[in-house]
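Presented below is the structure to which this report refers.
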Amino acid sequence: MNQNKKGNGMLSYLTASPYILWMIIFIIVPLAMVAYFAFTDSNGQFTFEYIKSVGQYTNIFIRSIWLAAIATIICFLLAYPVAYILTRLDKNIHSTMIMLVTLPIWMNFLLRTYAWMTLLGNNGIINSILGFIGLGPYKLLNTQGAVVLGMVYNYLPYMILPLYTVMIKIDKSILEAAQDLGCNGAQVIFRVVLPLSVPGITSGITMVFVPAISTFIISRMLGGGSNLLIGDLIEMQFLGNSYNPNLGAAISLILMVIVLIIMTVMNQFDGDDDKVLI
Amino acid sequence: MKKTIIFLTCAITAVSLFSGCNSAPETSSITLSDPEYYQKFKDQDMSINVYNWGEYIADGSEDGIIDVNAEFEAATGIKVNYTTYATNEELYAKMKGGGADYDIIIPSDYMIARMIKEDMLMPLDYDLIPNSKYVMDTFQNPIYDENNAHSVPYTWGTVGIIYNKNLVDETNIDWDILWDEKYADQILMFDNPRDAFAIAEIILGYSLNTEDPDELRAAAEKLKEQKSLVQAYVMDEIFDKMGAEEAALAPYYAGDAVTLMADYDFLGFAVPESGTNRFVDAMCIPKTSQKAEAAHMYINFLMEPEVALANCEYIGYSTPHTAVYEQLDDEVKNDGFSYPSDEYLEEKTTLFVNLSDEANQLMQDLWTEMKSSN
């Protein structure tokens, strides 16, 4: 018995080894390099200077967290009903509906964001339509609202999919039992489905919040370049006027720490054992 | 609305176009000054890596204009691996980051100076570039590269103001129009500190290459004043935004203005009377290149009059090539901004030089602060 268990362990190590190797080369080593650059200067000497100087960009950090949080909440509010309705649909049309949900991500990310520029512009489609009924033009592009819109549009499928995956696994008989015991429709959703879908909620939030907080192209294209986010700041250290990889690494490291803290807090709400890992 | 549809159609067709036939012609169809010279590496299965700006070489996509890289392959048997970058800083970061193996790069003046200072460029062997005789006198021995030891000029131009004739009625357009409240929210601005600071520095009467911290701070203050009037800080998005009449005014490079004005009648371009930045993009060979001789051959090929003419027509930037300039239409020569008078170039334009690390860092910090201020 013991031997058998050991054999299984060996086997699982063996089958996991390609991914472990991948992880070491492409995740662990780069992370170590980011940390190394963050704590050294251009001559390779140990220093805290760059980590300290990140403090001057606090307002950019706050703006990024704020916009990413709003985008995540909107994504959740939009995605939750959609995911729930999907699970209630007939099995035969499930795959079609899921395909439609993922359809936008088939197209290139940049192209999708670029398209919003032509939609939101002063002479864009939305303002033209509003113009027909005598409204506007409104300043839609180059605002923080446009940045949030871009985030929601681009990351919405990443919220719907994990929610759907968790919800589809909820046993129908539990819902029926709740109804039998006198729950009305709203109570079934808020007191049964919602608690059971918490793992999906946390992974959905992670998958939207993390890319949203570090994006730079959305804020550049839709924010008009004056709504700087952390991603823009990091990019500027590498492709800006002064080439400063150490500061860029320091900002990235602090961003990772912030994301880690937020995610840890998030996971406190998710006491369930069978977490959905990303 | 039409524009969006066109855009989407373009996007879709672009995918199919790129996968379209790209095979090199068997033999070169152009006249070469010395066909023998290009035979050296024939049948050696050699390849060189060329790293250039986007949309910065004739690629055969327009009728009647040759595909330069395919012609080079046909003439020399050397395969060209061609990739592009969007900014000098991106090029620099790629080279600094290591792992880059380029044989030809085409940076701008100040970046060439920086690369020379950091010993990243190979001194050129002019015996291998006989066509360098075509470089105009004005472009020889520039301040960024003494005696052109490391670079051969490829294109040049000035920075000016693209304006929408329907929305701007001033006739005498100068830099201060970008601070005019009449055009609030109709102004686009450079999304890179060096070009943006240059405009503020001209208005304040400073040198475009100032390293004085007080002057840099004053320039940043000037840019901050302008911020509430600026619709967006952009680079190549200018093409779409000016084309769709989203904005009235945008500072940009003369060569791109030529391209834009060919598509949109309502756009004009002004070279400000008070002076401007003149830039030169020049061909260089990184020190790390293992195929220096083939790289020299590529530079010489780009200087072939027929090739240089095709590039000049395709790119729209001004040429430093004597034989090409002679063949240009008078219309282009006299459009008022592609080839300003020698007097204007001499007295009113300045080339960027490389700034000290401290000045670059300060400019970057001030720029970040300006952009993230409310």
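The values are calculated or read from the model by the stated rules, or taken from the named source; none is laboratory data. Owing to the predicted nature of the structure, the values given are computational and were not obtained by experimental measurement. FYI the Cβ positions are ideal-geometry reconstructions off the backbone, even for glycines, and counts take in every protein chain you see.
The condition (being closer than 24 Å to B:I161 by Cβ and modelled with pLDDT under 90) is satisfied by just one residue among B:V332, B:V353: B:V332. Against the list (1) hydrophobic (A, V, I, L, M, F, W, C); (2) under 29 Å from A:S64 (Cβ atoms); (3) more than 7 Å from every other protein chain (Cβ to nearest Cβ), the condition A:L111 fails is (3).
The rows are residues; the columns are (1) surrounded by 22 or more Cβ atoms within 10 Å (Cβ to Cβ); (2) free of Cβ contacts under 8 Å to residues at least 24 places away in the same chain.
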| residue | (1), (2) |
| --- | --- |
| B:K287 | no, no |
| B:Q290 | no, no |
| B:V307 | yes, no |
| B:E369 | no, no |
| B:S372 | no, yes |
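Here B:G99 clears all of (1) surrounded by fewer than 20 Cβ atoms within 10 Å (Cβ to Cβ); (2) within 14 Å of another protein chain (Cβ to nearest Cβ); (3) modelled with pLDDT of 90 or more except the condition numbered (3). Of the residues that make up segment B:36-53, is at least one modelled with pLDDT of 90 or more, within 15 Å of B:A310 (Cβ to Cβ), touching a strand residue (DSSP E or B) at 6+ places or on another chain (Cβ under 9 Å) and buried (at least 18 other Cβ atoms within 10 Å of the Cβ)? Checking segment B:36-53: at least one residue is modelled with pLDDT of 90 or more, within 15 Å of B:A310 (Cβ to Cβ), touching a strand residue (DSSP E or B) at 6+ places or on another chain (Cβ under 9 Å) and buried (at least 18 other Cβ atoms within 10 Å of the Cβ).
Taking the criterion of being more than 8 Å from chain B (Cβ to nearest Cβ) and of a type in the set (A, V, I, L, M, F, W, C), the residues of segment A:223-246 that qualify are A:L229, A:I230, A:I234. Is there a residue in segment B:147-155 that is in the same structural domain as B:Y110 (by TED's automatic domain parsing), on the phi > 0 side of the Ramachandran plot and not basic (K, R)? Within segment B:147-155 (the criterion being in the same structural domain as B:Y110 (by TED's automatic domain parsing), on the phi > 0 side of the Ramachandran plot and not basic (K, R)), the answer is yes, since at least one residue qualifies.
Among the residues of this structure, A:F37 counts as one that is in contact with a Phe, Trp or Tyr (Cβ under 9 Å, 6 or more places away or on another chain), within 14 Å of chain B (Cβ to nearest Cβ) and within 21 Å of A:D232 (Cβ to Cβ).
Among the residues making up segment A:137-183, those that are surrounded by 15 or more Cβ atoms within 10 Å (Cβ to Cβ) and among the small types (G, A, S) are A:G145, A:A146, A:G150, A:A178. Taking segment B:348-360 as the range and being surrounded by fewer than 17 Cβ atoms within 10 Å (Cβ to Cβ) and assigned to a helix (DSSP H, G or I) as the test, the residues that pass are B:D357, B:E358.
Highlighted here are the helices (runs of 4 or more DSSP H) found entirely within segment A:87-185 that include at least 2 residues which are in contact (Cβ under 8 Å) with a residue 60 or more places away in the chain: A:91-102, A:109-120, A:144-168.
For (1) buried (at least 17 other Cβ atoms within 10 Å of the Cβ); (2) over 22 Å from the mean Cα position of the chain (by Cα), each residue gets a yes or a no:
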{"residue": "B:S207", "(1), (2)": "no, no"}
{"residue": "B:D212", "(1), (2)": "no, yes"}
{"residue": "B:L223", "(1), (2)": "yes, yes"}
{"residue": "B:I238", "(1), (2)": "yes, no"}
{"residue": "B:D263", "(1), (2)": "no, no"}
{"residue": "B:F266", "(1), (2)": "no, yes"}
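Whether any residue in segment B:220-235 is hydrophobic (A, V, I, L, M, F, W, C), within 10 Å of chain A (Cβ to nearest Cβ) and over 20 Å from B:W53 (Cβ atoms) is what I want to check. Yes, because at least one residue in segment B:220-235 is hydrophobic (A, V, I, L, M, F, W, C), within 10 Å of chain A (Cβ to nearest Cβ) and over 20 Å from B:W53 (Cβ atoms). Taken residue by residue, segment B:270-277 has no member that is touching a Pro at 6+ places or on another chain (Cβ under 6 Å) and modelled with pLDDT of 95 or more. Restricting B:A295, B:A257, B:A308 to residues that are of a type outside the set (D, E) and touching a helix residue (DSSP H, G or I) at 6+ places or on another chain (Cβ under 7 Å) narrows the list to B:A308. Only residues that are in a helix (DSSP H, G or I), surrounded by 23 or more Cβ atoms within 10 Å (Cβ to Cβ) and more than 8 Å from chain B (Cβ to nearest Cβ) were counted in segment A:206-222, giving 7.
Condition (residue is surrounded by fewer than 22 Cβ atoms within 10 Å (Cβ to Cβ), without any contact (Cβ under 8 Å) to a residue 40 or more places away in the chain, away from chain A (no Cβ under 14 Å) and of a type outside the set (A, V, I, L, M, F, W, C)) applied to segment B:182-193: is it met by at least one residue? Within segment B:182-193 (the criterion being surrounded by fewer than 22 Cβ atoms within 10 Å (Cβ to Cβ), without any contact (Cβ under 8 Å) to a residue 40 or more places away in the chain, away from chain A (no Cβ under 14 Å) and of a type outside the set (A, V, I, L, M, F, W, C)), the answer is yes, since at least one residue qualifies.
When B:R194 is tested against the conditions (1) modelled with pLDDT of 95 or more; (2) within 18 Å of B:N88 (Cα to Cα); (3) of a type in the set (K, R), the lone failure is (1).
For segment A:227-243, a residue qualifies if it is more than 11 Å from A:Y57 (Cβ to Cβ), buried (at least 23 other Cβ atoms within 10 Å of the Cβ) and at pLDDT 90 or above, and exactly one does: A:G231. Against the definition (over 30 Å from B:S29 (Cβ atoms) and of a type in the set (G, A, S)), how does B:G268 come out, yes or no? Taking the combined requirement at face value, the residue satisfies it. The listed residues are B:I173, B:I143, B:I187, and the only one of them that is modelled with pLDDT of 95 or more and either assigned by TED's automatic domain parsing to the domain that holds B:E326 or aliphatic (A, V, I, L, M) (or both) turns out to be B:I187.
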